[in-house]
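J.: Supplied in C-alpha cells, the structure appears directly below.
The values are calculated or read from the model by the stated rules, or taken from the named source; none is laboratory data. All values reported here derive from a predicted model rather than from experimental measurement. Quick reminder, even Gly has a Cβ in these numbers, built from the backbone with ideal geometry, and neighbours come from all protein chains shown. Side chains are part of the model used for accessible areas, which takes the heavy atoms of the whole protein and leaves out ligands, DNA and RNA. Shrake-Rupley method; radii C 1.70, N 1.55, O 1.52, S 1.80 Å.
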Amino acid sequence: MTVRLRGDLSSLPSYIPGVSRPNAIKLASNESTASSHSKVVDAITQAAQGINRYPDNGAAALTDALADFLGVDPANLVTGCGSVALCQELIQITCESPEDEVVFAWRSFEAYPIVTKVAGATGVPVPLRPDHSHDLGAMLAAINDRTRLILVCNPNNPTGTVVTTEDLTHFLDAVPSDILVVLDEAYAEYVRDPDSPNGIELFRTRPNVLVLRTFSKAYGLAGIRVGYGIGAPEIVDALRKVHLPFSVNAIAQAAALAALEVRDELLERTNDVVAERERVSAALTDMGYPVAATQANFVYLPLGEASVDFARRSAEAGVIIRPYGTDGVRITIGDPHENDAFLSFATTVSREFA
Ligand SMILES: *Cc1c(COP(=O)(O)O)cnc(C)c1O
C-alpha cells in the first residue's frame, strides 16, 4: 500500500532552478554578482549569536525600517520568506476553491502557475503581446466572476519588458475594485524608463493593489530569503494570518535590516548592471538577434524552437543561461568579463541563431 497523496500533484510543474556547473559562468538566476557587503556579513555574524531563540514573527524592526524608507505606514507592510512565499500566501488569502481563478501573463515568472496550483486554485495564463510585454487588454478580457487575483510582473520575468504608467492606470481603473491586483516589482531597482509605474505610488490611492518587492536581486540577498509586500492594512493582516510562522528567520531579518542601512551603496551598483544591460542588448542587436526591450537585470532573446539548443550550446561554451521551452532564452547580466564570454559565444553562433 502506498500512502494517499493529493491526486493533482502529478500535474504540478516542478520549479526549475537555474543549473550550475563547476567553473561555468552562471547567468541563469538573475542574481547579483557583487559579493556581500561587509556590514551585512557583520550583521549576520552577530545575529548568529542568538539563534537559540525564535525570531520576531512580525519582523518589527525590519518592518519599521522598510516603512520609513518607503514612506508608508508599518501597517501597510508585510515580510515573507522571499517574495515567492508572499505570492503563495496571496493566493491563499484570495482563493478558496478550485474554481477560483488567478490571472497572470505568460510567459512570466514560472512560480506563478506552480503556487496557484499548490494553493488549489486555477491559473489563467494570458499570452504576452508580440513585443513580449503584458497584454493588459487581454488580461482585462480574461476577468470573470471567478477571478480572485491578478498578477502583473513589472518588469516581466523572463522578458524584461515594462508596462507604461498610462496603460497600467487604465487597466487598474477598469478592474473591479473587489479583485486584488498584485504588482510584482522584483526588479524595480533596475528600471530607468520614466514611463514605467512605481507601484508604491499606485497602491496609495487603490486599496485593491498590493506591491511585491524583494531583497533577492538588487540588494544581493537571494540566498537568505526576504521579500516584502506593501498594501492596504486589511490585505496585510490577511497575509499575516496565513504566514508560515517564523519563516523569515532571525539571520535573514538582521541581514535585510543591515542591507537597508547601506542601501545607497547597494543601489548605486545597479547603475553598473544597467550600463552592462544596455551594452549587451546593443551588441546582440548588432549581431542580428531579436532582443526584447528590457528594464531588468537580464536580457531575453525570443529564439523560438531554437531556444533549448542555443542554451545547451552556450553551456557547452561555459556560460549557463536559461531556456524557456520553445519561447526564448534569458541571460542574466553579470560582471563585464562574464557578459563578454556570453557575447563571444553569441558571436560565434550568430549565423545559426540570429
Ligand atoms: C526573483 C523574483 C522574485 C523574488 O523572489 P524571492 O522569493 O524574493 O527571492 C519575485 N518575482 C519575480 C518575478 C522574480 O523574478
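J.: Of the conditions (1) under 30 Å from Val349 (Cβ atoms); (2) among the hydrophobic types (A, V, I, L, M, F, W, C); (3) surrounded by 21 or more Cβ atoms within 10 Å (Cβ to Cβ), Ala254 satisfies every one except a single condition; which number is it?
T.: (1)
J.: Of the conditions (1) away from the ligand (no atom under 16 Å from the Cβ); (2) outside any strand (DSSP E or B); (3) open to solvent by 50 Å² or more (accessible area, probe 1.4 Å), Ile143 clears all except one; give me its number.
T.: For Ile143, the exception is condition (3).
J.: Oh, and also: When you look at Val248, is it within 14 Å of the ligand (Cβ to nearest atom) and more than 23 Å from Thr94 (Cα to Cα), yes or no?
T.: no
Table: residues versus (1) in the same structural domain as Leu210 (by TED's automatic domain parsing); (2) not aliphatic (A, V, I, L, M).
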| site | (1), (2) |
| --- | --- |
| Pro245 | yes, yes |
| Ala252 | yes, no |
| Val308 | no, no |
| Arg312 | no, yes |
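J.: Six or more apart or on different chains, Cβ under 7 Å: which pairs go from a residue in segment 104-116 that's over 10 Å from Val152 (Cα atoms) to one that's among the small types (Gly, Ala, Ser) and open to solvent by 10 Å² or more (accessible area, probe 1.4 Å)? Could you list them?
T.: Cβ pairs passing all conditions: Tyr112/Gly123; Pro113/Gly123; Thr116/Gly123.
J.: For segment 69-83: of the residues being within 16 Å of the ligand (Cβ to nearest atom) and farther than 13 Å from Gly58 by Cα, which is most open to solvent (accessible area, probe 1.4 Å)?
T.: Taking the candidates together, the pick is Ser83.
J.: If you don't mind, there's one more thing I want to ask. Among the residues of segment 229-252, is there at least one that is more than 20 Å from the chain's Cα centre (by Cα), in a helix (DSSP H, G or I) and more than 18 Å from Leu210 (Cβ to Cβ)?
T.: Checked segment 229-252: at least one residue is more than 20 Å from the chain's Cα centre (by Cα), in a helix (DSSP H, G or I) and more than 18 Å from Leu210 (Cβ to Cβ).
J.: Right, something else. Quick check on Val115: is it within 28 Å of Leu9 (Cβ to Cβ), open to solvent by less than 30 Å² (accessible area, probe 1.4 Å), touching a Cys at 6+ places or on another chain (Cβ under 7 Å) and not assigned by TED's automatic domain parsing to the domain that holds Ala296?
T.: Criteria met by Val115.
J.: Also: Within segment 212-243, which residues are aliphatic (A, V, I, L, M) and farther than 17 Å from Phe109 by Cβ?
T.: Leu221, Ile224, Val226, Ile230, Ala232, Ile235, Val236, Ala238, Leu239, Val242 - these are the residues of segment 212-243 that are aliphatic (A, V, I, L, M) and farther than 17 Å from Phe109 by Cβ.
J.: List every residue pair whose Cβ atoms sit under 8 Å apart, with the two residues 6 or more apart in sequence or on different chains, where the first one lies in segment 166-189 and is in contact (Cβ under 8 Å) with a residue 40 or more places away in the chain and of a type outside the set (D, E, K, R) and the second, anywhere, is away from the ligand (no atom under 16 Å from the Cβ) and open to solvent by 10 Å² or more (accessible area, probe 1.4 Å).
T.: Leu180/Thr94; Leu180/Arg148; Leu180/Asn208; Leu180/Ile235
J.: Another question, if that's okay. Collect the residues in segment 105-127 that are closer than 18 Å to Asn30 by Cβ and outside any helix (DSSP H, G or I), keeping them in residue-number order.
T.: Answer for segment 105-127, where residues must be closer than 18 Å to Asn30 by Cβ and outside any helix (DSSP H, G or I): Ala105, Arg107, Ser108, Phe109, Glu110.
J.: Can you pull out every residue in segment 190-208 that is open to solvent by less than 40 Å² (accessible area, probe 1.4 Å) and either in contact (Cβ under 8 Å) with a residue 60 or more places away in the chain or within 16 Å of the ligand (Cβ to nearest atom) (or both)?
T.: Once the filter is applied, which keeps residues that are open to solvent by less than 40 Å² (accessible area, probe 1.4 Å) and either in contact (Cβ under 8 Å) with a residue 60 or more places away in the chain or within 16 Å of the ligand (Cβ to nearest atom) (or both), segment 190-208 yields Tyr190, Val191, Ser196, Pro197, Gly199, Ile200, Phe203.
To keep it simple, each residue is scored yes or no on (1) within 11 Å of the ligand (Cβ to nearest atom); (2) open to solvent by less than 50 Å² (accessible area, probe 1.4 Å); (3) in the same structural domain as Asp131 (by TED's automatic domain parsing); (4) assigned to a loop (DSSP other than H, G, I, E, B).
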position: Ile150; (1), (2), (3), (4): no, yes, yes, no
position: Val162; (1), (2), (3), (4): no, yes, yes, yes
position: Leu212; (1), (2), (3), (4): yes, yes, yes, no
position: Ala218; (1), (2), (3), (4): yes, yes, yes, yes
position: Leu221; (1), (2), (3), (4): yes, yes, yes, yes
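J.: Further, regarding this structure: Go through (1) loosely packed, with under 14 Cβ neighbours inside 10 Å; (2) among the aliphatic types (A, V, I, L, M); (3) in a loop (DSSP other than H, G, I, E, B) and name the single condition Ala28 misses.
T.: (1)
J.: Of everything in segment 323-337, what is within 21 Å of Gly304 (Cα to Cα) and either touching a Leu at 6+ places or on another chain (Cβ under 6 Å) or open to solvent by 20 Å² or more (accessible area, probe 1.4 Å) (or both)? Give them in sequence order.
T.: Listed by number, the residues that qualify are Pro323, Gly325, Thr326, Asp327, Gly328, Val329, Ile331, Thr332.
J.: Hey, another quick one. Restricting the search to segment 140-164, which residues are over 19 Å from the mean Cα position of the chain (by Cα) and touching a residue at least 24 places away in the same chain (Cβ under 8 Å)?
T.: Residues satisfying the conditions are Leu140, Ala142, Ile143, Asn144, Arg146, Thr147, Arg148.
J.: Charged (D, E, K, R) and touching a strand residue (DSSP E or B) at 6+ places or on another chain (Cβ under 8 Å): is that true of Glu89 in this structure?
T.: Criteria met by Glu89.
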